[in-house]
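The values are calculated or read from the model by the stated rules, or taken from the named source; none is laboratory data. Since this is a predicted model, take the numbers as computed values, not measurements. Please note: Cβ atoms are built from the backbone with ideal geometry, for glycine as well, and neighbour counts cover all protein chains shown.
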Amino acid sequence: MSSKTPDNKPDSEQNQPEKPVKIWQKNWFKNTMTIVLFIAVFLAIRPFMQGDVIHGQAPNMQVTSINGKTLDLQAMNQQGQPVLVHIWATWCPICEVSKGGIESIAQDYKVINIATQSADDEQLLTYAKENKMNPDFIVNDLEGKWLKTFGAKAVPADFIIAPNGEIEFIEVGFTTAWGLRLRLWWAGLSDSKTQKQN
(Lines give C-alpha, C1' and ligand atoms only; values in the text may rest on other atoms or scores of the structure.)
Protein backbone atom coordinates (compact mmCIF):
# COMPACT_ATOMS: atom_id res chain seq x y z
CA MET A 1 0.00 0.00 0.00
CA SER A 2 1.48 3.31 -1.06
CA SER A 3 1.73 6.11 1.43
CA LYS A 4 -0.37 9.20 0.78
CA THR A 5 0.35 12.76 1.71
CA PRO A 6 -2.23 15.03 3.35
CA ASP A 7 -3.45 16.31 -0.04
CA ASN A 8 -4.17 12.66 -1.04
CA LYS A 9 -1.59 12.52 -3.85
CA PRO A 10 0.74 9.54 -3.96
CA ASP A 11 4.38 10.27 -3.13
CA SER A 12 5.44 9.34 -6.65
CA GLU A 13 3.21 12.10 -8.13
CA GLN A 14 4.40 14.74 -5.68
CA ASN A 15 8.05 14.11 -6.32
CA GLN A 16 7.75 14.48 -10.10
CA PRO A 17 8.93 17.85 -11.39
CA GLU A 18 6.32 19.99 -13.13
CA LYS A 19 6.44 19.86 -16.90
CA PRO A 20 7.53 23.18 -18.37
CA VAL A 21 4.76 25.02 -20.22
CA LYS A 22 5.60 25.64 -23.84
CA ILE A 23 5.70 29.30 -24.85
CA TRP A 24 2.72 29.05 -27.22
CA GLN A 25 0.64 27.69 -24.33
CA LYS A 26 1.20 30.74 -22.12
CA ASN A 27 -1.60 33.32 -21.87
CA TRP A 28 0.61 36.34 -22.45
CA PHE A 29 1.90 34.78 -25.67
CA LYS A 30 -1.62 33.97 -26.90
CA ASN A 31 -2.80 37.51 -26.12
CA THR A 32 0.21 39.06 -27.85
CA MET A 33 -0.30 36.92 -30.94
CA THR A 34 -4.00 37.84 -31.05
CA ILE A 35 -3.12 41.55 -30.98
CA VAL A 36 -0.43 41.11 -33.64
CA LEU A 37 -2.87 39.19 -35.86
CA PHE A 38 -5.56 41.85 -35.39
CA ILE A 39 -3.11 44.64 -36.32
CA ALA A 40 -1.87 42.67 -39.35
CA VAL A 41 -5.44 42.13 -40.62
CA PHE A 42 -6.30 45.79 -39.99
CA LEU A 43 -3.23 46.99 -41.91
CA ALA A 44 -3.98 44.55 -44.73
CA ILE A 45 -7.55 45.79 -45.27
CA ARG A 46 -6.84 49.47 -44.54
CA PRO A 47 -5.84 50.35 -48.15
CA PHE A 48 -9.15 48.90 -49.37
CA MET A 49 -11.12 50.80 -46.71
CA GLN A 50 -9.45 54.06 -47.65
CA GLY A 51 -10.16 53.48 -51.33
CA ASP A 52 -9.21 56.49 -53.43
CA VAL A 53 -9.66 59.10 -50.72
CA ILE A 54 -9.02 62.63 -51.81
CA HIS A 55 -6.09 64.66 -50.53
CA GLY A 56 -5.18 68.32 -50.75
CA GLN A 57 -7.90 70.95 -50.96
CA ALA A 58 -11.32 69.91 -49.65
CA PRO A 59 -14.20 70.01 -52.16
CA ASN A 60 -16.61 72.94 -52.16
CA MET A 61 -19.36 71.90 -49.83
CA GLN A 62 -22.58 73.73 -49.12
CA VAL A 63 -25.20 71.35 -47.79
CA THR A 64 -28.45 71.43 -45.84
CA SER A 65 -28.95 69.51 -42.61
CA ILE A 66 -31.97 67.26 -42.11
CA ASN A 67 -33.72 70.06 -40.21
CA GLY A 68 -33.01 72.74 -42.82
CA LYS A 69 -29.85 74.40 -41.51
CA THR A 70 -27.24 75.43 -44.11
CA LEU A 71 -23.75 74.06 -43.54
CA ASP A 72 -20.99 75.65 -45.60
CA LEU A 73 -17.56 74.03 -45.21
CA GLN A 74 -15.66 76.94 -46.74
CA ALA A 75 -17.49 79.49 -44.54
CA MET A 76 -16.66 77.37 -41.48
CA ASN A 77 -12.98 77.32 -42.51
CA GLN A 78 -12.97 81.10 -42.83
CA GLN A 79 -13.86 81.30 -39.14
CA GLY A 80 -10.33 79.99 -38.46
CA GLN A 81 -11.23 76.61 -36.99
CA PRO A 82 -10.66 73.09 -38.32
CA VAL A 83 -13.77 71.17 -39.41
CA LEU A 84 -14.54 67.47 -39.02
CA VAL A 85 -16.43 65.88 -41.91
CA HIS A 86 -17.71 62.59 -40.51
CA ILE A 87 -19.31 60.12 -42.96
CA TRP A 88 -21.31 57.30 -41.38
CA ALA A 89 -24.38 55.09 -41.87
CA THR A 90 -27.26 53.95 -39.69
CA TRP A 91 -26.57 50.30 -40.64
CA CYS A 92 -22.89 50.46 -39.64
CA PRO A 93 -22.09 48.83 -36.24
CA ILE A 94 -18.77 50.70 -35.87
CA CYS A 95 -20.60 54.00 -36.50
CA GLU A 96 -22.99 53.06 -33.70
CA VAL A 97 -20.06 52.91 -31.30
CA SER A 98 -18.53 56.22 -32.42
CA LYS A 99 -21.65 58.42 -32.59
CA GLY A 100 -21.44 59.55 -28.94
CA GLY A 101 -17.88 60.73 -29.48
CA ILE A 102 -18.88 62.70 -32.58
CA GLU A 103 -21.69 64.41 -30.66
CA SER A 104 -19.20 65.33 -27.94
CA ILE A 105 -16.70 66.72 -30.47
CA ALA A 106 -19.46 68.83 -32.06
CA GLN A 107 -19.76 70.77 -28.81
CA ASP A 108 -16.21 72.10 -29.25
CA TYR A 109 -15.53 71.98 -33.01
CA LYS A 110 -17.41 72.45 -36.27
CA VAL A 111 -18.74 69.11 -37.56
CA ILE A 112 -20.56 68.09 -40.73
CA ASN A 113 -22.11 64.72 -39.93
CA ILE A 114 -23.00 62.96 -43.21
CA ALA A 115 -25.36 59.96 -43.03
CA THR A 116 -24.71 58.07 -46.26
CA GLN A 117 -26.98 55.54 -47.97
CA SER A 118 -29.15 55.24 -44.87
CA ALA A 119 -32.68 56.68 -44.92
CA ASP A 120 -34.83 59.64 -45.92
CA ASP A 121 -34.85 62.89 -43.89
CA GLU A 122 -37.87 61.93 -41.78
CA GLN A 123 -36.37 58.55 -40.83
CA LEU A 124 -33.03 60.19 -40.05
CA LEU A 125 -34.75 62.76 -37.83
CA THR A 126 -36.41 59.90 -35.93
CA TYR A 127 -33.08 58.07 -35.70
CA ALA A 128 -31.36 61.23 -34.43
CA LYS A 129 -34.03 61.78 -31.78
CA GLU A 130 -33.91 58.15 -30.62
CA ASN A 131 -30.10 58.26 -30.40
CA LYS A 132 -29.83 61.76 -28.86
CA MET A 133 -28.02 63.15 -31.90
CA ASN A 134 -28.10 66.81 -32.93
CA PRO A 135 -29.94 67.07 -36.30
CA ASP A 136 -28.49 70.57 -36.88
CA PHE A 137 -25.32 69.11 -38.40
CA ILE A 138 -26.61 65.79 -39.82
CA VAL A 139 -26.71 65.78 -43.62
CA ASN A 140 -28.60 63.16 -45.62
CA ASP A 141 -26.45 61.56 -48.34
CA LEU A 142 -29.00 58.96 -49.45
CA GLU A 143 -27.37 58.36 -52.85
CA GLY A 144 -23.81 58.27 -51.48
CA LYS A 145 -22.68 61.38 -53.40
CA TRP A 146 -20.42 62.72 -50.63
CA LEU A 147 -18.98 59.29 -49.86
CA LYS A 148 -17.92 59.09 -53.53
CA THR A 149 -16.72 62.70 -53.60
CA PHE A 150 -14.39 62.05 -50.67
CA GLY A 151 -13.38 58.70 -52.21
CA ALA A 152 -13.91 56.45 -49.18
CA LYS A 153 -15.06 52.86 -49.66
CA ALA A 154 -16.07 52.20 -46.06
CA VAL A 155 -17.65 53.95 -43.11
CA PRO A 156 -17.06 55.57 -40.75
CA ALA A 157 -14.75 57.91 -42.64
CA ASP A 158 -13.36 61.05 -41.04
CA PHE A 159 -11.79 64.00 -42.85
CA ILE A 160 -10.27 66.79 -40.81
CA ILE A 161 -10.12 70.00 -42.78
CA ALA A 162 -7.64 72.63 -41.60
CA PRO A 163 -8.69 76.29 -41.55
CA ASN A 164 -6.80 76.82 -44.84
CA GLY A 165 -9.16 74.33 -46.54
CA GLU A 166 -6.61 71.52 -46.83
CA ILE A 167 -7.48 67.99 -45.78
CA GLU A 168 -5.08 67.52 -42.88
CA PHE A 169 -6.06 64.05 -41.62
CA ILE A 170 -8.02 61.09 -42.99
CA GLU A 171 -9.24 58.15 -40.94
CA VAL A 172 -11.37 55.30 -42.30
CA GLY A 173 -12.70 52.83 -39.75
CA PHE A 174 -12.95 53.18 -36.00
CA THR A 175 -11.18 56.11 -34.42
CA THR A 176 -11.55 57.23 -30.81
CA ALA A 177 -13.08 60.59 -29.98
CA TRP A 178 -9.81 61.58 -28.27
CA GLY A 179 -7.87 60.62 -31.39
CA LEU A 180 -10.10 62.89 -33.48
CA ARG A 181 -9.87 65.70 -30.92
CA LEU A 182 -6.08 65.49 -30.97
CA ARG A 183 -6.04 65.65 -34.78
CA LEU A 184 -8.46 68.61 -34.80
CA TRP A 185 -6.30 70.43 -32.25
CA TRP A 186 -3.19 69.72 -34.31
CA ALA A 187 -4.89 70.87 -37.55
CA GLY A 188 -5.79 74.17 -35.89
CA LEU A 189 -2.33 74.52 -34.37
CA SER A 190 -0.44 73.73 -37.58
CA ASP A 191 -2.50 76.29 -39.48
CA SER A 192 -1.73 78.93 -36.83
CA LYS A 193 2.01 78.21 -37.23
CA THR A 194 1.73 78.58 -41.01
CA GLN A 195 0.00 81.97 -40.65
CA LYS A 196 2.72 83.20 -38.23
CA GLN A 197 5.47 82.20 -40.68
CA ASN A 198 3.76 84.16 -43.46
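Some values worked out for this structure:
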{"item": "Residue within the stretch 130-139 that is touching a Pro at 6+ places or on another chain (Cβ under 8 Å), crowded, with 19+ Cβ neighbours inside 10 Å and part of a helix (DSSP H, G or I) present", "result": "no"}
{"item": "The stretch 79-100 residues that are in contact (Cβ under 8 Å) with a residue 60 or more places away in the chain and within 18 Å of residue 153 (Cβ to Cβ), paired with ones that are among the aromatic types (Phe, Trp, Tyr) and surrounded by fewer than 21 Cβ atoms within 10 Å (Cβ to Cβ) (beta carbon under 6 Å, 6 or more apart)", "result": "94/174"}
{"item": "Scope the stretch 102-118; condition over 19 Å from residue 92 (Cα atoms) and among the acidic types (Asp, Glu); matching residues", "result": "108"}
{"item": "Matching residues, the stretch 113-129, being within 22 Å of residue 150 (Cα to Cα) and either not assigned by TED's automatic domain parsing to the domain that holds residue 95 or not in a loop (DSSP other than H, G, I, E, B) (or both)", "result": "113, 114, 115, 116, 121, 124"}
{"item": "The stretch 145-183: number of residues that are in contact with a strand residue (DSSP E or B) (Cβ under 7 Å, 6 or more places away or on another chain), within 16 Å of residue 92 (Cβ to Cβ) and assigned to a loop (DSSP other than H, G, I, E, B)", "result": "5"}
{"item": "All positions within the stretch 109-129 that are touching a Pro at 6+ places or on another chain (Cβ under 8 Å) and within 24 Å of residue 80 (Cα to Cα)", "result": "109, 110"}
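This table checks each residue for (1) of a type outside the set (Val, Ile, Thr); (2) surrounded by 13 or more Cβ atoms within 10 Å (Cβ to Cβ); (3) at pLDDT 80 or above; (4) assigned by TED's automatic domain parsing to the domain that holds residue 159.
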position: 33; (1), (2), (3), (4): yes, no, no, no
position: 71; (1), (2), (3), (4): yes, yes, yes, yes
position: 79; (1), (2), (3), (4): yes, no, yes, yes
position: 94; (1), (2), (3), (4): no, yes, yes, yes
